[in-house]
Amino acid sequence: MRRILLKLSGEALLGAPGEIIDPDFVKGLAQDIRAVRELGVQVAVVVGGGNIFRGATGAALGMERTRADQMGMLATVINSLALHSALEGCAVPTRVQSAIAMTQVAEPFVQPEAVRHLEEGRVVIFAAGTGNPYFTTDTAASLRAAEIHADLLLKATKVDGVYDADPKKHPDARKFTSLTYDEVLRRGLGVMDLTAITLCRDNRIPLCVFSILERGCLEAILKGEPRGTTIGFG
């Protein structure tokens, strides 16, 4: 793989109770990304904001949806800056590009500039989702992956792949090693939201779902080891 996009949920960054960002986890994640970069792979990242605020949760509590989603976008900027700091601490040159203008803390998202940074060896973190309400960060990840012509989209979760049922609730749940996008849609598997899955399928971007809790798993996948669940085109 020449270029990848890593999608990370905000919840993965949670630390101990009351700690919205686990510094040890973020440091370990930065080291995993550095290892992949040292393979010669260009790395882009989209991180969610669920450890701080979810727009959908705010809307459910009676907030106006657009404002709630904007708050969620700002939460992703905080997480992106935290990851930026950890990567720079590992001597990995990094840029944060935001879909919402905030030039004092991040560059604006400009597709050619993002590609240039990647080609020059920098990690690029895409913050603030798509910049629009009503779209998830999964959709933002699929969109950015298409825009930068990523060879692979990797979705990091707390489980080691896609199952036919929630493995935490159903010990006999069966893990899939591979699926097609049509199978994901037909089975209604909750891999990503419908818009995100459709974007990947229509732009022929393969997807791998894996556990971010397993250190070194990202590097192993890119070395060709069978980890997680791959989703493609049959």
Open item on the list: Among (1) outside any strand (DSSP E or B); (2) at pLDDT 95 or above; (3) among the hydrophobic types (A, V, I, L, M, F, W, C); (4) crowded, with 22+ Cβ neighbours inside 10 Å, there is one condition residue 115 misses while meeting the rest; what is its number?
Closed with: (4)
- [ ] Could you please find all residues in region 118-159 being aliphatic (A, V, I, L, M), closer than 10 Å to residue 5 by Cα and part of a loop (DSSP other than H, G, I, E, B)?
- [x] 148, 150
- [ ] Among the residues of region 1-17, count how many are out of contact with any His (no Cβ under 8 Å at 6 or more places or on another chain) and either closer than 17 Å to residue 148 by Cα or of a type in the set (A, V, I, L, M) (or both).
- [x] 11
- [ ] Scan region 43-67 residue by residue and report those that are among the aliphatic types (A, V, I, L, M) and either buried (at least 21 other Cβ atoms within 10 Å of the Cβ) or without any contact (Cβ under 8 Å) to a residue 40 or more places away in the chain (or both).
- [x] 43, 44, 45, 46, 47, 56, 59, 60, 61, 63
Task: Inter-residue pairs, beta-carbon under 7 Å, first on the phi > 0 side of the Ramachandran plot and in region 103-125, second surrounded by 12 or more Cβ atoms within 10 Å (Cβ to Cβ), 6+ apart - done: 121/93
TODO: Could you tell me whether region 86-95 includes any residue that is out of contact with any helix residue (DSSP H, G or I) (no Cβ under 9 Å at 6 or more places or on another chain), assigned to a helix (DSSP H, G or I), at pLDDT 95 or above and over 22 Å from residue 214 (Cβ atoms)?
DONE: no
TODO: Tally the residues that are assigned to a strand (DSSP E or B) and among the charged types (D, E, K, R), restricting the search to region 3-36.
DONE: 2
Task: Which listed residue, of 62, 40, 58, is part of a loop (DSSP other than H, G, I, E, B), modelled with pLDDT under 95 and either among the small types (Gly, Ala, Ser) or closer than 18 Å to residue 143 by Cβ (or both) - done: 62
TODO: Give the number of residues within region 37-78 that are of a type in the set (D, E, K, R) and within 17 Å of residue 156 (Cβ to Cβ).
DONE: 1
Task: Count of residues meeting criterion [aliphatic (A, V, I, L, M), surrounded by fewer than 22 Cβ atoms within 10 Å (Cβ to Cβ) and touching a helix residue (DSSP H, G or I) at 6+ places or on another chain (Cβ under 8 Å)] in region 70-85 - done: 2
- [ ] Give region 178-234 a look and list any residue that's under 30 Å from residue 30 (Cβ atoms) and among the polar types (S, T, N, Q), or say none.
- [x] 178, 195, 203, 211, 229, 230
Open item on the list: Can you report the number of residues in region 20-37 which are surrounded by fewer than 16 Cβ atoms within 10 Å (Cβ to Cβ) and more than 18 Å from residue 80 (Cβ to Cβ)?
Closed with: 1
TODO: List the number of the failed condition for residue 218; all other conditions in (1) under 15 Å from the mean Cα position of the chain (by Cα); (2) closer than 29 Å to residue 69 by Cα; (3) part of a helix (DSSP H, G or I) hold.
DONE: (2)
Open item on the list: Looking at region 65-100 only, could you name the residues that are out of contact with any strand residue (DSSP E or B) (no Cβ under 7 Å at 6 or more places or on another chain), β-branched (Val, Ile, Thr) and within 15 Å of residue 47 (Cβ to Cβ)?
Closed with: 78, 100
TODO: Go through the residues of region 94-105 one by one and say whether even a single one is buried (at least 20 other Cβ atoms within 10 Å of the Cβ) and under 24 Å from residue 158 (Cβ atoms).
DONE: no
Task: Hits in region 137-161 (condition: modelled with pLDDT of 95 or more and β-branched (Val, Ile, Thr)) - done: 137, 139, 148
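The values are calculated or read from the model by the stated rules, or taken from the named source; none is laboratory data. These figures come from a predicted structure and were not determined experimentally. So basically every Cβ, Gly included, is an ideal-geometry build from the backbone, and we count neighbours across all protein chains shown.
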